[in-house]
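First the structure, in the form of structure tokens, and then the observations on it.
The values are calculated or read from the model by the stated rules, or taken from the named source; none is laboratory data. Source: prediction; values computed, not measured. No Cβ is skipped: glycine too gets one built from the backbone with ideal geometry, and neighbour counts run over all protein chains shown. All accessible areas refer to the heavy atoms of the entire protein, side chains included, with ligands and DNA or RNA removed. Shrake-Rupley method; radii C 1.70, N 1.55, O 1.52, S 1.80 Å.
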Amino acid sequence: MTILVTGGAGYIGSHTVIQLLDDGADVVIADTLENSSAVVLDRIAELTGRRVPFEQVDVSDPQALDRLLTRYDVTEVIHFAGLKAVGESVEQPLRYYSHNLGSTLTLLQALDRHGIRRFVFSSSATVYGPDAAAPAQEDDPTSATNPYGWTKVMIEQMLRDLAAADDRWRIAILRYFNPVGAHPSGLIGEDPRGRPNNLLPFVTQVAVGRQNELTVFGDDYPTADGTGVRDFIHVEDLASGHVHALAHLRRTDEPVSTFNLGTGEGTSVRGLVTAFERASGHRIPVRVAPRRAGDVAVSYADSSKANDVLGWRARHGIDDICTDAWRWQRQNPLGYESLPARRRSARTQAPRRQRYPLLPALRLAGRAG
Ligand code: UFG
């Protein structure tokens, strides 16, 4: 009974793997490391006391997948792997369609061959499109403004068609709002390659001096302070949503179910900056620029379906998010690659309590999901 996590070395994947291990599950990670770091695997071992089997496999490769699925007794899959940069997808649409659609199809075909039909898919609130209602509900119409978003819309459709054709499948489509924050240990967090596209990683890089100032894209939206409003969800809450989704798939009769994962609360860009300044004690210089193409004014979730059906809810607010994001960035100013060599090569079997005495206290305080 092993859970295959594609993209498990990535930002959301690594936080989810830790929670699955904490839940007592066996996990295998498949990741190309194109957009992630092998250091994450050491960090997961440090935090959980368990070394997760890792396969450097591209899920677009059917032979490699067959080998992996023969080697491990996989019963469930969480599929995070995929290209995710909105701007890049506009410049390279064929690469995005080919990779995201092709790898998911190859993966689903391989799983079908091996009789593995419990599947969790990483979707996005971006599928609510440019005319999204706020709060967004799962049965609202879907659309997109860029190829990345369309790959999410199209894969969701593929999954619904698959579930309609074969009711042995149990598929959960999880629509993430704005994932932010980091593991409370400060050991795992978001490590974007190059200049960050997303708001909070940009803000934390300003605070450590890697960027000079934050550009706020638009302060003329019809919102209280004129800046865009988003539903920022702590990555620990998002990770716990996946654990709940798997539990749901084991008990449901529905071949496919879709859930929003958000807090249900909107925070403006300026509101997030203020919260971060409070959490970090650093002032963030801001320059206002025109709106960014494709951005909506307001996006937040109606998460009542996930609350009711999964028994899940987001527990962390914006202050926890900023505190944890700042701890991660402060401890890893250049991301994973800034580790001293000694630490980078560390392989440890030691239980977490010995190595991170603060963690049990954080857990008792309900901070670690
Ligand atoms: N923003 C800035 N300056 C920046 C970056 C962002 O002002 O440097 C603003 C944006 O204009 C927006 C808000 O901050 O108003 C949030 O932007 P992000 O890029 O952090 O997040 P988005 O809401 O655009 O997109 C995120 C994910 C997408 C996903 C989408 C779903 O990055 O992958 O949520 O709604 F599709």
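For the set R51, R175, the ranking by accessible area, highest first and with no ligand, DNA or RNA atoms included, is R51, R175 under a 1.4 Å probe.
What list of ³J(HN,Hα) couplings, whole Hz, do you get for the stretch 283-295 from phi and the Karplus terms 6.51, -1.76, 1.60, once you set θ to phi - 60° and write x for glycine and proline? Along the stretch 283-295, the couplings run 7, 10, x, 10, 10, 8, 10, x, 4, 8, 4, x, 6 Hz. Measuring r between the beta carbons of D220 and A165 and using R0 = 30 Å, the FRET efficiency lands at 0.05. Residues whose amide H comes within less than 5 Å of that of I173, counting only those at least five positions distant or on another chain, are F121, S257, T258, F259 (H built at 1.01 Å from N in the peptide plane).
Split the accessible area of the stretch 2-337 by element, probe 1.4 Å, and carbon with sulfur accounts for 47%. Projected onto their three principal axes, the Cα atoms of the stretch 90-171 cover extents of 39, 30, 17 Å, largest first. Here the extension length gained between M158 and Q56 equals 34.1 nm, from 0.36 nm per residue of separation less the Cα-Cα distance. Once both labels are positioned 7 Å from their Cα atoms along Cα-to-Cβ, the gap between T70 and D308 label points is 4.7 nm.
A cut-off of 5 Å between modelled amide H atoms, ignoring neighbours fewer than 5 places along the same chain, links A301 with A136, T263, G264, E265.
What dipole magnitude, in Debye to the nearest 20, does the stretch 2-337 give about its Cα centre under +1 on Lys/Arg Cβ and -1 on Asp/Glu Cβ? Computed charge dipole of the stretch 2-337: roughly 460 debye.
Given a Förster distance of 35 Å, report the FRET efficiency between H282 and E88 from their Cβ-Cβ distance, rounded to the nearest 0.05. Efficiency, rounded to the nearest 0.05: 0.75.
Whole-percent P(r), the stretch 1-103, all Cα pairs, 10 Å bins from 0: 15, 47, 29, 9, 0.
Note on the chain: helix-only mean residue ellipticity at 222 nm, from DSSP H runs of 4+ residues weighted -39500 (n - 2.57) and normalised by residue number, equals -11000 deg cm²/dmol. Measuring between their Cα centroids, the stretch 181-232 and the stretch 298-337 lie 13 Å from each other. Considering the chain at the alpha-carbon level, its Rg and Dmax are found to be 19.7, 55 Å. Ranked by solvent-accessible area (1.4 Å probe, protein heavy atoms only, all chains present), the residues E91, E337 order from largest to smallest as E91, E337. For the stretch 224-238, 3J(HN,Hα) computed residue by residue from phi via the Karplus equation (6.51, -1.76, 1.60; θ = phi - 60°) reads 4, 10, x, 9, x, 10, 9, 9, 7, 10, 4, 4, 5, 5, 4 Hz, glycine and proline entered as x. Rolling a 1.4 Å probe over the protein chains gives K84 an accessible area of about 110 Å².
For the stretch 144-161, backbone phi angles converted through the Karplus equation (6.51, -1.76, 1.60; θ = phi - 60°) give residue-by-residue couplings of 7, 10, 7, x, 4, x, 5, 5, 5, 4, 5, 5, 4, 5, 4, 5, 5, 5 Hz, Gly and Pro being listed as x. Between A133 and D295, the FRET efficiency from the beta-carbon distance, with R0 = 22 Å, is close to 0.85.
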